[in-house]
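Student: Sending over a structure as structure tokens; questions will come in a sec.
The values are calculated or read from the model by the stated rules, or taken from the named source; none is laboratory data. All figures in this text were calculated on a predicted structure; none of them were measured in a lab. As a convention, Cβ positions derive from the backbone with ideal geometry for all residues, glycine included, and neighbour counts pool all protein chains shown.
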Amino acid sequence: MSKNILILSSSPRRGGNSDLLCDAFLRGAQESGNRVEKIFLADKKINYCNGCDICSHTGKPCPQKDDAAEVIDKMTRADVLVLATPVYFYAMSAQLKTLIDRCCGRYAEMGDKNFYLLASAAEEGGELAQHVFDNIQGFLDCLDNPVVKGKLLCGGVWHKGEIKGNQALKEAYEMGMSV
């Protein structure tokens, strides 16, 4: 059965290492017959949450006029969410964290979904870079019944394009095929 998949690429660099992981996942997911949309967050205007409590306290839409509502609406309608990030100081990118913070009013609508987590890091070993998944898990722990179906961390890639030819691209493709 075809699934509705939303890929959120939070790299600030189009064609950056984590963005290329997204593209590989996307190809695999499309080839296995799924509906896939990729959003490059750097193309969107997403402001920081200002803590006004309108969304969480009153249930009204966020009063900010930016692209967050559109992206969050797509997140709520997706069957599968792919969260992809470069690793900065063992945490997710600011772009992804900013979007997650804006989910406050609608996170309860994001339960019962499958998640795939993709990351690229300069550090080769990856043990410390695994903290990025703990960081993202904090968001998932707030959702009802999220299922993490896959995690992929490609270490040793810092500069744009260094991931080309890396086995991780094949793994991301296969992960997409398996959805």
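Student: Of all residues in region 24-75, how many are more than 21 Å from LYS97 (Cβ to Cβ) and in a helix (DSSP H, G or I)?
Tutor: Qualifying residue count, region 24-75: 9.
Student: May I ask you to say which residue of SER11, SER18 is of a type in the set (Ser, Thr, Tyr), in a loop (DSSP other than H, G, I, E, B), at pLDDT 95 or above and surrounded by 24 or more Cβ atoms within 10 Å (Cβ to Cβ)?
Tutor: One residue alone meets the criteria, SER11.
Student: Specify the residue that is surrounded by the fewest Cβ atoms within 10 Å (Cβ to Cβ); the eligible residues are those in region 98-119 that are closer than 24 Å to GLY28 by Cα and touching a Gly at 6+ places or on another chain (Cβ under 8 Å).
Tutor: LEU117
Student: Could you say whether any residue in region 25-43 is surrounded by fewer than 22 Cβ atoms within 10 Å (Cβ to Cβ), aromatic (Phe, Trp, Tyr) and under 13 Å from the mean Cα position of the chain (by Cα)?
Tutor: yes
Student: Now for a separate question. Of all residues in region 44-61 being under 28 Å from LYS160 (Cβ atoms) and basic (Lys, Arg), which is surrounded by the most Cβ atoms within 10 Å (Cβ to Cβ)?
Tutor: LYS44
Student: Suppose we filter ASP134, ASP144 for residues that are within 30 Å of ARG106 (Cβ to Cβ) and part of a loop (DSSP other than H, G, I, E, B); which single one remains?
Tutor: Going through ASP134, ASP144 in turn, just one is within 30 Å of ARG106 (Cβ to Cβ) and part of a loop (DSSP other than H, G, I, E, B): ASP144.
Student: Taking the conditions exactly as written (in contact (Cβ under 8 Å) with a residue 40 or more places away in the chain and closer than 30 Å to ASN17 by Cα), does SER93 satisfy them or not?
Tutor: Answer is yes for this residue.
Student: Collect the residues in region 109-128 that are at pLDDT below 95 and in contact with a strand residue (DSSP E or B) (Cβ under 6 Å, 6 or more places away or on another chain), keeping them in residue-number order.
Tutor: GLY126 - this is the single residue of region 109-128 that is at pLDDT below 95 and in contact with a strand residue (DSSP E or B) (Cβ under 6 Å, 6 or more places away or on another chain).
Student: Search region 106-124 for residues that are closer than 30 Å to ILE54 by Cα and touching a residue at least 60 places away in the same chain (Cβ under 8 Å) and pair each with any residue that is surrounded by fewer than 19 Cβ atoms within 10 Å (Cβ to Cβ) and β-branched (Val, Ile, Thr) when their beta-carbon atoms are under 6 Å apart and the residues are at least 6 apart or on different chains.
Tutor: ASN114/VAL147
Student: Find all pairs meeting these conditions: Cβ atoms under 9 angstrom apart; at least six residues apart or on different chains; first residue within region 1-22 and under 11 Å from LEU81 (Cβ atoms); second residue buried (at least 24 other Cβ atoms within 10 Å of the Cβ) and among the polar types (S, T, N, Q).
Tutor: LEU8/THR85
Student: Turning to a different aspect of this structure: State which residue is surrounded by the fewest Cβ atoms within 10 Å (Cβ to Cβ) when the search covers only region 125-179 and only residues that are without any contact (Cβ under 8 Å) to a residue 40 or more places away in the chain and in contact with an Asp or Glu (Cβ under 7 Å, 6 or more places away or on another chain).
Tutor: ASN145
Student: Now for a different question. Could you list all residues from region 81-131 that are outside any loop (DSSP other than H, G, I, E, B) and β-branched (Val, Ile, Thr)?
Tutor: Listed by number, the residues that qualify are VAL82, THR85, THR98, ILE100.
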